[in-house]
């Protein structure tokens, strides 16, 4: 389903994450850059973003000012957070408080699911935490 036609909010949404990851990996943008993500859910201040990363590529932490969880569905990541550096492997999840996630780098080809829940006034639609003016 194209990003234009797929629902991003609703009472119930379901996804085949393996099929979504395969679709992302087949996208020319991924083949060019080694990373690609798209929002599966955008509901108010809540976001779920599926991201594929080739080994050595970094994920943007555009919403680092919000609490987030990062779940490794496939592969492995190196994560730098306020608590120090750690490696996350398939099946593992990390939660970071607002501002704690600084660097997310794939140590293997990876598929990750990032969940962001903006708090208070730290999320403004159309505004990026990196200052580029775009959302993931």
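Quick notes on this structure:
- Where a residue in the range 106-129 is closer than 17 Å to residue 68 by Cβ and its partner, wherever it lies, is modelled with pLDDT under 70 and part of a loop (DSSP other than H, G, I, E, B), with Cβ under 6 Å and at least six apart: 116/63; 128/62; 128/134; 129/62; 129/63; 129/64
- Boolean, residue 87 is touching a strand residue (DSSP E or B) at 6+ places or on another chain (Cβ under 7 Å), in a helix (DSSP H, G or I) and over 11 Å from residue 112 (Cβ atoms): no
- In the range 55-70, residue farthest from residue 29 (Cα to Cα) [restricted to those that are crowded, with 18+ Cβ neighbours inside 10 Å and at pLDDT 85 or above]: 68
- When residue 43 is tested against (1) closer than 24 Å to residue 18 by Cβ; (2) at pLDDT below 95; (3) in contact with a strand residue (DSSP E or B) (Cβ under 9 Å, 6 or more places away or on another chain), only condition (3) is not met.
- Residues that are more than 11 Å from the chain's Cα centre (by Cα) and surrounded by 11 or more Cβ atoms within 10 Å (Cβ to Cβ) were ranked within the range 27-40; the one that is farthest from residue 57 (Cα to Cα) is 27.
- Residues of the range 17-26 that are within 16 Å of residue 113 (Cβ to Cβ) and either buried (at least 16 other Cβ atoms within 10 Å of the Cβ) or more than 16 Å from the chain's Cα centre (by Cα) (or both): 19, 20, 21, 23, 24.
- When 52, 48, 79 are screened for being within 17 Å of residue 114 (Cα to Cα), assigned to a strand (DSSP E or B) and either at pLDDT 95 or above or over 16 Å from the mean Cα position of the chain (by Cα) (or both), only 52 passes.
- Residues of the range 90-136 satisfying the condition of being outside any loop (DSSP other than H, G, I, E, B), modelled with pLDDT of 85 or more and farther than 21 Å from residue 33 by Cα: 93, 94, 95, 115, 116
- Only residues that are surrounded by fewer than 18 Cβ atoms within 10 Å (Cβ to Cβ) and under 25 Å from residue 45 (Cβ atoms) were counted across the range 81-91, and they come to 2.
The values are calculated or read from the model by the stated rules, or taken from the named source; none is laboratory data. From a predicted model like this one, the values you see are computed outputs, not experimental measurements. All Cβ positions, even for glycine, are placed from backbone atoms using ideal geometry, and neighbour counts span all protein chains on display.
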